[in-house]
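Here is the structure we will look at.
Every number here is computed from the coordinates shown, using simple stated rules; none is lab data. Quantities reported herein were computed from a predicted structural model and do not represent experimental measurements. Here the Cβ is made from the backbone with ideal geometry for all residues, glycine too, and neighbour counts use every protein chain on show.
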Amino acid sequence: MKGFDKKYEDFPDFILKITKQIWEGKDVESIAKFYTDDIPVISPFGITYGNKPVIESTYSTLKEFPDRQLLGEDVIWNGDDKNGYHSSHRILSKGTHLGEGFYGKPSGKEIYYRVIADCACRDNQVYDEWIVRDQGAMVRQIGYSPEEFAMITIEKEGGFNNAKEVLNKLDLKPSNYQPIAVKTNSAGEKYSKILNKIFTNEYDFKDYDRATNIYWPGNKLGHGREDVIKLWNSLKNILSEKKFKIEHVGYLDEPNTNPRASIRWSLEGVHSEDSKDYGKKTNASLTIIGINHAELNSNGVTKEWVLFDEVAIWKQILMNKNKNG
């Protein structure tokens, strides 16, 4: 790979090894080498620019979870020497809540949760990153509901009048990253069509294998089409005036293995229905940022990992509820 250190066998090896070096090797300062000085890092909670905030947040997380392990489950990647490389890295993160910090006083709880990070890279560096964590799973295991933790976050930020809004894509500066064109009949195109169909009313979910598995925020796990329908409905049925948009597509169609796709998406709508997961309707305008991974076989989607941040959704609900009294 042009511009990359020769010790990396291929692009997934680069992603997996720098992640391990930074976190488990506790080489936090190496972020200054592996992340560009002006990198945008975008999450459902907002945007930071530059590698310094990444270094600071990594130290803070390690203080709270000093034994944190990042187990790389998959790297779905595209790219070449001419255009650079893009990875969508799915991580199972585990650790013990031993230090005081963002998640409160140490609870001593052992927790696990998934993270997906989409990184654009060239010349041995990451220069653009989108990241979504299953924060709903994290806070539940520590001892809060996503609603309670969203309220704690608002209070920490100075109350409703001072709390930060969640991600506003209008705040994003133009990126140097140019995505690849999605090939016809690729795993990326097939999964894009499936996700778009989910947000129509008549969709029957027949594009999912009958024996499919779905991994949902909050460490929820579903088996079979009925569970897939139930979990997707728990999100889409709370919203009216839905606008679903696919923001980025990555995919791998490799020989002798099932095709895989990674898709970053956004969903906007009005919180117009009561639900068990998101409480009484507030008519708040909600924006949800997600990243999914999917594995497909000849019968359709056989495994699906869906990631969005339930705490970010609750923060919007609570702030709107306060605004409207």
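Which order results if Tyr59, Tyr85, Tyr251 are arranged by neighbouring Cβ count within 10 Å, fewest first?
Ranked by crowding around the Cβ, least crowded first: Tyr59, Tyr85, Tyr251.
Considering only alpha-carbon pairs that sit under 8 angstrom and 6 or more positions apart, the relative contact order computed for segment 150-283 is 20 percent.
For Gly46, nonlocal amide neighbours, meaning residues 5 or more places apart or on other chains whose placed amide H falls under 5 Å from its own, are Leu167. Karplus-derived 3J(HN,Hα) values for segment 194-209, using 6.51 cos²θ - 1.76 cosθ + 1.60 with θ = phi - 60°, are 5, 4, 4, 5, 4, 8, 9, 6, 8, 5, 9, 6, 6, 7, 9, 4 Hz; glycine and proline are entered as x. Quick check: the distance between the Cα centres of segment 1-56 and segment 276-311, to the nearest angstrom? Answer, in whole Å: 26. Using C-alpha pairs under 8 Å with a sequence gap of at least 6, the mean separation divided by the residue count of the chain gives a relative contact order of 16 percent. Phi angles across segment 182-187 convert, under the Karplus curve 6.51 cos²θ - 1.76 cosθ + 1.60 with θ = phi - 60°, into 3J(HN,Hα) values of 8, 6, 4, 6, 6, 4 Hz, Gly and Pro given as x.
When you filter the GluC sites (Glu not before Pro) in segment 23-63 for DSSP loop state and at most 16 other Cβ atoms inside 10 Å of their Cβ, you are left with Glu24. Ordering Phe4, Phe149, Phe160 by the number of other Cβ atoms within 10 Å of each residue's own Cβ, fewest first, gives Phe160, Phe4, Phe149. Compactness of segment 11-171 was expressed as the Cα radius of gyration divided by 2.2 N^0.38 Å, which yields 1.06.
Of the options (i) 15.3; (ii) 13.9; (iii) 16.6, only one is mean projected area of the Cα convex hull in nm² as computed from these coordinates, and that is (iii).
Taking amide H positions as modeled 1.01 Å from N, with prolines and chain starts lacking one, the residues under 5 Å from Asp74 and 5 or more places away or on another chain are Arg90. Would you mind pulling out the separation of the Cα centroids of segment 208-246 and segment 101-168, in Å? Between the Cα centre of segment 208-246 and that of segment 101-168, the gap is 22 Å.
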